[in-house]
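Visitor: The structure is given below, and queries will be raised subsequently.
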Amino acid sequence: MSAKIQFAIYQIQANFTSAVPNRPTVVENINFEFLESKIRAKGFKKQALIVDSFGNFDLLLFYRKSSSEVSWKEFITTIAKEDSKILKSRLGQNESFVLFLKVQSTAQIFAVTGGFGHTAIQDFTNQEFGLEIISRLVRSDERVLRAAKEKSIVGSILGSVKFFRNEYNLFENENFGNIYQELQANLSKQILIDTFGFTAAEVPKSGLCIAKSSFMIKKSLDLPTLTRIIDRCIQLLSSSNAPIVINSVSKIDKRQRSLLTALEARLFDAVWKTLLPNFNSDIEICHKEFDRYLTANEFYLSTKVGGQTKQSTFQEPLQNMSMTIGHFTSLRAGLTKNQFERFFDQTIVESIDENGSVLTTGKLRDHLFTEITDNSHSYFFIDREWFEIKDTFVERLNAHCKSFVKDHQYGRQLERWGATISSEGKYNLSHLGKDKTLVFDTVTPENIEACDILQWDAEKIYFVHVKEGFKNTTRDLTNQILIAAKRLREDKLAGGVYFRKLYQTVSTSSGLTALKPQLSALSEDDFVQLFNERRLAFVLAILDTSASGVRRLVDMEQFDSNIAKFSLHSLIQEMRGLDIELQIQQILRS
């Protein structure tokens, strides 16, 4: 029988951090004694070895045999006779092993497993190990990629698995903001020989490797070859050669309990401050299904207090924490911060359609979206999860956004923001009566705001959306633009049904008297023709709200909010997918 099998190699972390509520955080060094205690608790037993070391590695082996009910046996009982061999045993047997290998000189620990052994060590492994190895083996322009498993930190697609007919490179597959969870690539024959020490005769035809939390070369290995590959991986990790960046964003997982605890505390500190007088929150609120959430008719905010439910109703989407102050004012009175946090954690947000049906629901905390900076590290809280944003991500994000701002300037100059203008609404109204310009601020047929300002020329019709500040709240605006773009794209094919509603809403509403006169010289049919005869274009118009007022969007490094930049980048990608033009302009102060 062959002594060779395929191995996925795991790297064990140097320490383990445990955090229990109301107890001090404990950091433990991971050594053989620590691993033995943890893996015994999972039902594994230590196995006697012929030798306790091999080469420069100390060895530690564990084994587990377990039984579990075979789920399909119940079905088989309905068709097989009772004395059938298939029904003799209702239990299945699972066998697993874990082999730890410790480098004698450095005490670094690695592991290989069989059966379900990998599940027993997942709390202690370096989740980026395989990706760190492959980042040192391939170039970003090298066409070796066979498959990829990815997760998105934003958007409606949670993740994807891709298999490529022909080899791709990392640059071609780049989807900014996605996290690679697994890569499969064909290593060259020369890498397998020079880096991992295989002979030419031993090199497999494909050279396929799989990189994720573990690293595997798709070739059966014996113990000497296994230890040699681990040695070569250690050399790669210690190499001074700068690797390519596989992931610029990393998810903070449950093993990083102390960091998660600290971030959660910082998040609630920001929530608590929101409820102080005259405090402007930079925490956004939105459900991950933002298109359903933002187009709902009503919104309920519900909190249980003393066994009873306190509910507030809103006619527009809850989009930032400042909008919730009224609901929480009485709750906050007389409560300590810890007491209030318990109430806050029980608060539910529901969005309701025109028929009273629930569109989205969930805890308010799970709707929060913000960025926290700590010790030069940047963290996003998105869809209930924390992500660390690496410096390379920010550099690339600045470059992408800067390039877009430079190359996609809106051709017409909007009005200046005068010293007497105190709100976005007043600024939008300052455009009334301007040539080839209409104002539709707060006009929302089908609960969709097409634009704040509508302008056109001979070829295009421009839907201008205005925003004070380029900060976390920009995400709300980019979501609104995307929803409007999708609806108007559909309406273009339908002949202007929504556009007629836009005209009729202004014409018939008693609350829009300031906007009605602008339509007096334009019939409904002429208005729809503006739309039907021109290409769609959307414009993001931003006023910098910094105290200095001298920052320029083209100098993207001057702006702090990575959420604003990422929201802009995501919108650029989405609009390209819709084949709708997006432009940008910085509003000037007078």
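Visitor: So residue 162 fits all but one of (1) in a strand (DSSP E or B); (2) exposed (fewer than 13 other Cβ atoms within 10 Å of the Cβ); what number is the exception?
Guide: Among (1) in a strand (DSSP E or B); (2) exposed (fewer than 13 other Cβ atoms within 10 Å of the Cβ), the lone unmet condition for residue 162 is (2).
Visitor: In this structure, is residue 590 in contact with a helix residue (DSSP H, G or I) (Cβ under 7 Å, 6 or more places away or on another chain), among the polar types (S, T, N, Q), in contact (Cβ under 8 Å) with a residue 40 or more places away in the chain and under 26 Å from residue 407 (Cα atoms)?
Guide: It is false that residue 590 is in contact with a helix residue (DSSP H, G or I) (Cβ under 7 Å, 6 or more places away or on another chain), among the polar types (S, T, N, Q), in contact (Cβ under 8 Å) with a residue 40 or more places away in the chain and under 26 Å from residue 407 (Cα atoms).
Visitor: Which condition breaks for residue 462 when tested against (1) modelled with pLDDT of 95 or more; (2) of a type outside the set (D, E, K, R); (3) more than 33 Å from the chain's Cα centre (by Cα)?
Guide: For residue 462, the exception is condition (3).
Visitor: Against the conditions (1) hydrophobic (A, V, I, L, M, F, W, C); (2) surrounded by fewer than 21 Cβ atoms within 10 Å (Cβ to Cβ); (3) part of a helix (DSSP H, G or I), where does residue 547 fall short? Just the number, please.
Guide: Looking at each condition in turn, residue 547 falls short on (3).
Visitor: Could you please let me know if residue 449 is charged (D, E, K, R), touching a helix residue (DSSP H, G or I) at 6+ places or on another chain (Cβ under 9 Å), under 21 Å from residue 315 (Cβ atoms) and open to solvent by 10 Å² or more (accessible area, probe 1.4 Å)?
Guide: yes
Visitor: Right, something else. Scan the range 139-157 for residues that are within 26 Å of residue 253 (Cβ to Cβ), among the hydrophobic types (A, V, I, L, M, F, W, C) and at pLDDT 80 or above and jot them down.
Guide: Answer for the range 139-157, where residues must be within 26 Å of residue 253 (Cβ to Cβ), among the hydrophobic types (A, V, I, L, M, F, W, C) and at pLDDT 80 or above: 145, 147, 148.
Visitor: State all residues of the range 463-475 that are open to solvent by 20 Å² or more (accessible area, probe 1.4 Å) and either within 20 Å of residue 295 (Cβ to Cβ) or not in a loop (DSSP other than H, G, I, E, B) (or both); if no residue qualifies, say none. Reasoning before the result, please.
Guide: Filtering the range 463-475 down to residues open to solvent by 20 Å² or more (accessible area, probe 1.4 Å) leaves 467-468, 471, 475.
Those that are open to solvent by 20 Å² or more (accessible area, probe 1.4 Å) and either within 20 Å of residue 295 (Cβ to Cβ) or not in a loop (DSSP other than H, G, I, E, B) (or both): 467, 468, 475.
Listed here are the residues, each with its yes/no results for (1) within 22 Å of residue 232 (Cα to Cα); (2) surrounded by 15 or more Cβ atoms within 10 Å (Cβ to Cβ).
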position: 11; (1), (2): yes, yes
position: 16; (1), (2): no, yes
position: 49; (1), (2): no, no
position: 73; (1), (2): no, yes
position: 89; (1), (2): no, no
position: 95; (1), (2): no, no
position: 100; (1), (2): yes, yes
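Visitor: Quick check on my filter: what residues within the range 172-207 are in a strand (DSSP E or B) and either open to solvent by less than 30 Å² (accessible area, probe 1.4 Å) or under 30 Å from residue 51 (Cβ atoms) (or both)?
Guide: Across the range 172-207, the qualifying residues are 179, 180, 183, 185, 186.
Visitor: In the set 123, 141, which member is surrounded by fewer than 16 Cβ atoms within 10 Å (Cβ to Cβ) and under 18 Å from residue 41 (Cα atoms)? Spell out how you get there, then give the answer.
Guide: On the way: 141 fails: under 18 Å from residue 41 (Cα atoms).
None of the others qualify; the one that does is 123.
Visitor: Here is a list of conditions, (1) surrounded by 13 or more Cβ atoms within 10 Å (Cβ to Cβ); (2) assigned to a loop (DSSP other than H, G, I, E, B); (3) touching a residue at least 24 places away in the same chain (Cβ under 8 Å), and residue 421 meets all of them except one; can you say which number that is?
Guide: If we test residue 421 against (1) surrounded by 13 or more Cβ atoms within 10 Å (Cβ to Cβ); (2) assigned to a loop (DSSP other than H, G, I, E, B); (3) touching a residue at least 24 places away in the same chain (Cβ under 8 Å), just (3) comes out false.
Visitor: Still on this model: Return the residues of the range 486-529 that are open to solvent by 40 Å² or more (accessible area, probe 1.4 Å), assigned to a helix (DSSP H, G or I), over 14 Å from residue 446 (Cα atoms) and of a type in the set (Val, Ile, Thr); say none if nothing qualifies.
Guide: 508, the sole residue that qualifies.
Visitor: OK, next. Looking at the range 309-417, what strands (runs of 3 or more DSSP E) fall wholly within it and have at least 3 residues that are closer than 21 Å to residue 559 by Cβ?
Guide: Details: elements: 348-352, 358-363, 368-374, 377-382, 385-389.
The strands (runs of 3 or more DSSP E) meeting that bar are 368-374, 377-382, 385-389.
Visitor: Another question, then. Taking the range 280-307 only, how many residues are open to solvent by less than 40 Å² (accessible area, probe 1.4 Å), among the hydrophobic types (A, V, I, L, M, F, W, C), over 30 Å from residue 546 (Cβ atoms) and in a strand (DSSP E or B)?
Guide: Selection size over the range 280-307: 2.
Visitor: Continuing with the same structure: Could you please let me know if residue 38 is of a type in the set (D, E, K, R), surrounded by 16 or more Cβ atoms within 10 Å (Cβ to Cβ), at pLDDT 85 or above and within 39 Å of the chain's Cα centre (by Cα)?
Guide: yes
Visitor: Is it true that residue 441 is open to solvent by 60 Å² or more (accessible area, probe 1.4 Å), more than 27 Å from the chain's Cα centre (by Cα) and either under 21 Å from residue 513 (Cα atoms) or in contact (Cβ under 8 Å) with a residue 60 or more places away in the chain (or both)? Give the steps one after another, and end with the answer.
Guide: Numbers: open to solvent by 60 Å² or more (accessible area, probe 1.4 Å): no; more than 27 Å from the chain's Cα centre (by Cα): yes; either under 21 Å from residue 513 (Cα atoms) or in contact (Cβ under 8 Å) with a residue 60 or more places away in the chain (or both): yes.
Judged against the criteria, residue 441 is not a match.
Visitor: How do the pairs read when you match residues in the range 541-565 that are more than 14 Å from residue 399 (Cβ to Cβ) and free of Cβ contacts under 8 Å to residues at least 40 places away in the same chain with residues anywhere that are assigned to a helix (DSSP H, G or I) and polar (S, T, N, Q), using Cβ under 7 Å and keeping only pairs 6 or more apart or on different chains?
Guide: Cβ pairs passing all conditions: 551/558.
Visitor: While we're here: Out of the range 235-255, which residues are more than 18 Å from residue 181 (Cα to Cα) and either surrounded by fewer than 17 Cβ atoms within 10 Å (Cβ to Cβ) or in contact with a Ser or Thr (Cβ under 7 Å, 6 or more places away or on another chain) (or both)? First the steps, then the outcome.
Guide: The first filter runs over the range 235-255 and keeps only residues more than 18 Å from residue 181 (Cα to Cα), leaving 235-242.
Correct list: 235, 237, 238, 239, 240, 241, 242.
Visitor: Can you name every residue in the range 223-234 that is open to solvent by less than 40 Å² (accessible area, probe 1.4 Å) and over 33 Å from the mean Cα position of the chain (by Cα)?
Guide: If the condition is that a residue be open to solvent by less than 40 Å² (accessible area, probe 1.4 Å) and over 33 Å from the mean Cα position of the chain (by Cα), then 225, 226, 227, 229 are the ones that fit.
Visitor: Do we find a residue being of a type outside the set (Gly, Ala, Ser), touching an Asp or Glu at 6+ places or on another chain (Cβ under 7 Å) and either in contact (Cβ under 8 Å) with a residue 40 or more places away in the chain or open to solvent by 50 Å² or more (accessible area, probe 1.4 Å) (or both) anywhere in the range 320-343?
Guide: yes
Visitor: Which ones in the range 565-588 are at pLDDT below 90 and either among the aromatic types (Phe, Trp, Tyr) or touching a Gly at 6+ places or on another chain (Cβ under 9 Å) (or both)?
Guide: Of everything in the range 565-588, those that are at pLDDT below 90 and either among the aromatic types (Phe, Trp, Tyr) or touching a Gly at 6+ places or on another chain (Cβ under 9 Å) (or both) turn out to be 566, 569, 570, 573, 574.
Visitor: So, of the residues in the range 41-94 that are modelled with pLDDT under 90 and among the acidic types (Asp, Glu), which turns out to be nearest to residue 223 (Cα to Cα)?
Guide: The qualifying residue nearest to residue 223 (Cα to Cα) is 69.
The values are calculated or read from the model by the stated rules, or taken from the named source; none is laboratory data. Keep in mind that this is a model prediction, so the values were computed, not measured. When we count neighbours, we look across all protein chains shown, and the Cβ atoms used for this are built from the backbone with ideal geometry, even at glycine. Heavy atoms of the whole protein, side chains included, go into the accessibility calculation; ligands, DNA and RNA do not. Shrake-Rupley method; radii C 1.70, N 1.55, O 1.52, S 1.80 Å.
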